[in-house]
Amino acid sequence: MGKRNYANIILTGFSYTGKTQVSRIVARRLGRELVDTDDEIVRLAGKPIPDIFTQDGEEHFRELENQALNDVCTRNGIVISTGGGIIMSAKNRQIMKESGVVACLEAEPETIYRRLMIDSERSGEKVIRPLLQVDDPLQRITSLKESRQSNYAKSDWTVHTDSLTPEEVAGEVIRGWSFVSRSNRA
């Protein structure tokens, strides 16, 4: 492993833990550019993520996800928001660890489900995330989260978002980034 870059802040965590909203706030507060790996995947594929899943399959999506992560992690001093499953690949975890401070946003399955339902009602669509388009989304959230938890736990900093506002979560992410980067430069 080469010299680790502590300048980037990389947010990970399950869907609906607040990554998109919090990453915007963090980028704004620090005067940094925000890059969302999902946006990069859409750009690379030339189509929306649900279409990638249905037309090309999850494996192809994961290949695009790795390519997008590789591309954005070559940059310096940015905030990166990632998809919820990106941490399942050891290669992706290594790229993230070398390329920035990894902050995981956590929430209980019931909180995630509630946020998903609120978002679905607002958008007028049923369930938005391809992996959650099932009969029992809460059970799917619980089992997916359990299968990913050991990888989320490898993050540098974890923020439990259940009872915090997005502004408070952003403050905790910045505090974690500052602590981790300061501690490791010594």
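The values are calculated or read from the model by the stated rules, or taken from the named source; none is laboratory data. The structure presented is a predicted model; accordingly, all values stated were derived computationally and were not measured. When we count neighbours, we look across all protein chains shown, and the Cβ atoms used for this are built from the backbone with ideal geometry, even at glycine. Heads up: the accessible areas ignore ligands, DNA and RNA and are worked out on the full protein's heavy atoms, side chains in. Shrake-Rupley method; radii C 1.70, N 1.55, O 1.52, S 1.80 Å.
Being hydrophobic (A, V, I, L, M, F, W, C), in contact with an Asp or Glu (Cβ under 6 Å, 6 or more places away or on another chain) and either crowded, with 18+ Cβ neighbours inside 10 Å or not in a helix (DSSP H, G or I) (or both) holds for only one residue in Val134, Val159, Val173, and it is Val159.
Applying the condition of being outside any loop (DSSP other than H, G, I, E, B) and basic (Lys, Arg) to segment 1-52 and asking which residue is farthest from Asn70 (Cα to Cα) yields Arg29. Annotation note: of Gln67, Gln94, Gln55, the sole residue that is assigned to a helix (DSSP H, G or I), in contact (Cβ under 8 Å) with a residue 60 or more places away in the chain and either open to solvent by 60 Å² or more (accessible area, probe 1.4 Å) or under 24 Å from Leu164 (Cα atoms) (or both) is Gln94.
Within segment 1-37, restricting attention to residues that are surrounded by fewer than 20 Cβ atoms within 10 Å (Cβ to Cβ) and within 26 Å of Ile141 (Cβ to Cβ), which residue is nearest to the chain's Cα centre (by Cα)? In this case the residue turns out to be Thr20. Contact map, segment 147-175: first residue within 9 Å of Glu106 (Cβ to Cβ), second residue among the charged types (D, E, K, R) and in a loop (DSSP other than H, G, I, E, B), Cβ cut-off under 9 Å, separation 6 or more or different chains; pairs are His160/Glu108; Asp162/Glu108.
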